[in-house]
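Here's the structure we're looking at; comments come further down.
The values are calculated or read from the model by the stated rules, or taken from the named source; none is laboratory data. In this text the structure is predicted, and so the values were computed from the model without any measurement. Here the Cβ is made from the backbone with ideal geometry for all residues, glycine too, and neighbour counts use every protein chain on show.
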Amino acid sequence: MGDSTVFADLNRAFVVDQRTRSGPQRHALAVRAADGVLADLGMKYRMLPCDFRIDAATHAELASATRLLADAQDKVLAHLCATRTAGELEVMFDVPPDMARHLDWPSLPTSGLRMLRADIVPGADGYWFCELNHFSGVGSGEGFHSAHTYAEILGRPVAGISPFRQLALQYVAECRRAGLTRLVVLDTTEHRRQEFGEHLMVQRYVRLLAPDIEVAYHTERTYPEGWLKPDEAERTLIHRLFTFQDTTDRGAFLAAVRDSGTTVSCMFEAELKMHRLWLALLCDPAYRSLFNGEEAAAIDRYVPHTAVLAPDGLDAAVADKDGLAFKSSYSYGGQGIVLGDRHTPAQLRGILTRDTTAWITQRRVPAPPLDLPLTDGSTAPFHLVLGMYLYGDETAGLLVRGTTGSAVVNLSQGGAMSWAFTEQG
């Protein structure tokens, strides 16, 4: 990629121009409108006070890389399932026993629909994939609708496709294929209280694309008991909003829904595919022969070197700590990430050895923060991470999340969201 595609260079003057050209009053109005969209969708998070741009060629490259990395991951998963026992896989991925009993190990390589968000660091020297988040309810697609409203209020035309539209298309296609006539957005009371919303846009798009499909939202407390009976279960598709850790019954209700004959878009196998071990497996020479040329090239170009932290590698990792991020296995919301340069060698060694937690090391990407204008006219340095959504073979992106202070960017830790559009007026 040439220098013109570096995200910070492309957007540094562009985000300042949005406020100066529109004037502070119109700009503040646009930000309030964008925040209002998020509130209307049930989100507690806010809009970054700007939107961003990405050139079409770079967007296409990142979309292609997302597909290739997902394909490579599927190949490794199929290989592991063919060569290792369920018990060995449980140990390898440190699967909690309560979650393991709900996994359908024989069908693991082909279970569920493909739905993920790839998190991408826009570095000073290109774009680097730091995580693959496989999950039907993977968050923040609302950023598209918020940023689109912001641009409209400013009077600037933008173009793009909502990730919720792509997800709804996948669900409608699955309903048509399997003869399903009801989509249930299924939540838990524990997850609902975190204010991530009800994926209202998924519901709206399904209603628009297929008015004959019944759409409903429920938690484990409101789900109609009659829908667990065979005739009702066999016509129902579940869109799951919660992770295993968001259940209070260790996944029992979702398992009961599945066992009734209801189709679940993804069971807890998705959590296994979100394990932070995966990028280490893609970088592991032991699996290199599984990939075709395009997949291998995508790994080399877009994945920072990632590896399992072995006991005999602790000294070397601590010595190289300033260039590494350390990630634990099952963590969400930016938790379980330790930046080596934020700790002394003794502190870091204590963190990495205080219990039996498995750690992954990942080479940190040079990504200086980008100064963004705030609503009061001042500026602040933001660390950014991008997100490319993949539903089936259809991509949608790029989500932009940013935070000041910590280089670990996550909405749950004070971040805000926006979108990078491929066309600007």
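Looking at this structure, is ASP119 charged (D, E, K, R) and touching a Cys at 6+ places or on another chain (Cβ under 6 Å)? Against the criterion (charged (D, E, K, R) and touching a Cys at 6+ places or on another chain (Cβ under 6 Å)), ASP119 qualifies. Among the residues examined, ALA147 qualifies as at pLDDT 90 or above, farther than 20 Å from MET274 by Cβ and touching a Phe, Trp or Tyr at 6+ places or on another chain (Cβ under 6 Å).
Screening the range 1-55 for residues that are in contact with a Pro (Cβ under 9 Å, 6 or more places away or on another chain) and farther than 29 Å from ALA124 by Cβ and picking the one that is surrounded by the fewest Cβ atoms within 10 Å (Cβ to Cβ) gives ALA28. Only one of the listed residues (ARG53, ARG12, ARG26, ARG21) is closer than 17 Å to GLY143 by Cα and not small (Gly, Ala, Ser). That residue is ARG53.
Whenever a residue of the range 201-223 is farther than 23 Å from LEU38 by Cβ, its partners that are among the charged types (D, E, K, R) and at pLDDT 95 or above, lying with C-beta atoms within less than 6 angstrom and at least six residues away or across chains, give the pairs GLU214/ARG182. Among the numbered conditions (1) in contact with a strand residue (DSSP E or B) (Cβ under 6 Å, 6 or more places away or on another chain); (2) at pLDDT below 95; (3) over 25 Å from LEU154 (Cα atoms); (4) not polar (S, T, N, Q), the only one that TYR389 does not meet is (2). Of the numbered criteria (1) over 22 Å from ALA173 (Cα atoms); (2) in contact with a helix residue (DSSP H, G or I) (Cβ under 8 Å, 6 or more places away or on another chain); (3) of a type in the set (A, V, I, L, M); (4) at pLDDT below 95, the one MET267 fails is (1). Note on the range 1-113: enclosed helices (runs of 4 or more DSSP H) holding 3 or more residues that are closer than 26 Å to GLU174 by Cβ and under 22 Å from the mean Cα position of the chain (by Cα) are 56-83. Whenever a residue of the range 155-166 is farther than 19 Å from LEU116 by Cβ and at pLDDT 90 or above, its partners that are part of a helix (DSSP H, G or I) and of a type outside the set (Ser, Thr, Tyr), lying with C-beta atoms within less than 6 angstrom and at least six residues away or across chains, give the pairs VAL158/ALA151.
When ALA210 is tested against (1) surrounded by 15 or more Cβ atoms within 10 Å (Cβ to Cβ); (2) more than 17 Å from ARG177 (Cα to Cα), exactly one condition is not met: (2).
Here is the figure for the range 240-287: residues that are within 22 Å of LYS75 (Cβ to Cβ), buried (at least 16 other Cβ atoms within 10 Å of the Cβ) and among the hydrophobic types (A, V, I, L, M, F, W, C) total 13.
Going by the conditions given, is ASP355 among the acidic types (Asp, Glu), surrounded by fewer than 15 Cβ atoms within 10 Å (Cβ to Cβ), at pLDDT 85 or above and farther than 16 Å from GLU131 by Cα? It is false that ASP355 is among the acidic types (Asp, Glu), surrounded by fewer than 15 Cβ atoms within 10 Å (Cβ to Cβ), at pLDDT 85 or above and farther than 16 Å from GLU131 by Cα. Among the residues of the range 104-133, count how many are at pLDDT 90 or above, over 19 Å from VAL400 (Cβ atoms) and either buried (at least 24 other Cβ atoms within 10 Å of the Cβ) or hydroxyl-bearing (Ser, Thr, Tyr) (or both). So the answer is 1.
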